[in-house]
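Undergrad: Just dropping this structure here.
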Amino acid sequence: CVHPEWQPDVGNGYDLALLRLSTPSKAQLATLIDNATASLEKVGNPATLVGFGFECPGYSKDAHYTDALTIIDRGDCQRLLNADLHPIQPPWNISTVELCSRDAVGHSGAAVGDSGGPLLHRAKTSGGGSEYVQVGVVHGGQAEGIGLPDVYTRVLPAAEWVHQVASGHEPLPCKRLLPLPGAILV
């Protein structure tokens, strides 16, 4: 089920889709950000990217990895990404439904194969423990853009939609994913 406001030709930031699994996952689930935890999106907060993307061109990982990142200002993100554009690439316009992160030392971040993966914040719980809260979903960045920010779709503006779809009460009929050239549907 694709977010109803997603427009692939516009890159408007609602780059979200939900898949229904045939069997329940045994993975530890993250909590979705909500109004009570909205401050986790604040600039300067730490975040963790989880993915299976390429470490370097042509080499994919067999297992997931995590990167320690920091949430950065959208304006700074847009400025940094636009300063490194390929001549035929359109300029970045980071919307209010997107957020950005960056590795402080410029050695890691999202890569090809990480799209759709979670950006998490490890938050303290009232019982003294901690839990992962999902604040974003990998949307994009510069190819091979080590040192440049990564762009994520914010989960908070879509949290109500996620809960509605997960409970089977989506407000509009879901747009279904169409096979993309070269994609294999299983």
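Readers should treat all values here as calculations from the given coordinates under stated rules, not as data from a laboratory. The shown structure was predicted, so the numbers you read here are calculated from the model rather than taken from an experiment. Here the Cβ is made from the backbone with ideal geometry for all residues, glycine too, and neighbour counts use every protein chain on show.
Undergrad: Check which residues have an amide H placed less than 5 Å from residue 119's amide H, if you skip close sequence neighbours.
TA: 135, 136, 137, 138
Undergrad: Another question, then. Distance in nm between label sites at residue 175 and residue 21, each 7 Å beyond Cα in the beta-carbon direction?
TA: Each label point is offset 7 Å from its Cα along the Cβ direction, giving 2.6 nm.
Undergrad: Let me ask another. Sorting 121, 163 on the 10 Å Cβ count, fewest up front, what's the list?
TA: By the 10 Å Cβ count, ascending: 163, 121.
Undergrad: Let me ask something additional. Can you tell me how much longer the chain between residue 88 and residue 39 gets when fully stretched, taken as 0.36 nm per residue apart minus their C-alpha distance, in nm with one decimal?
TA: Between residue 88 and residue 39, full extension yields an extra 14.0 nm.
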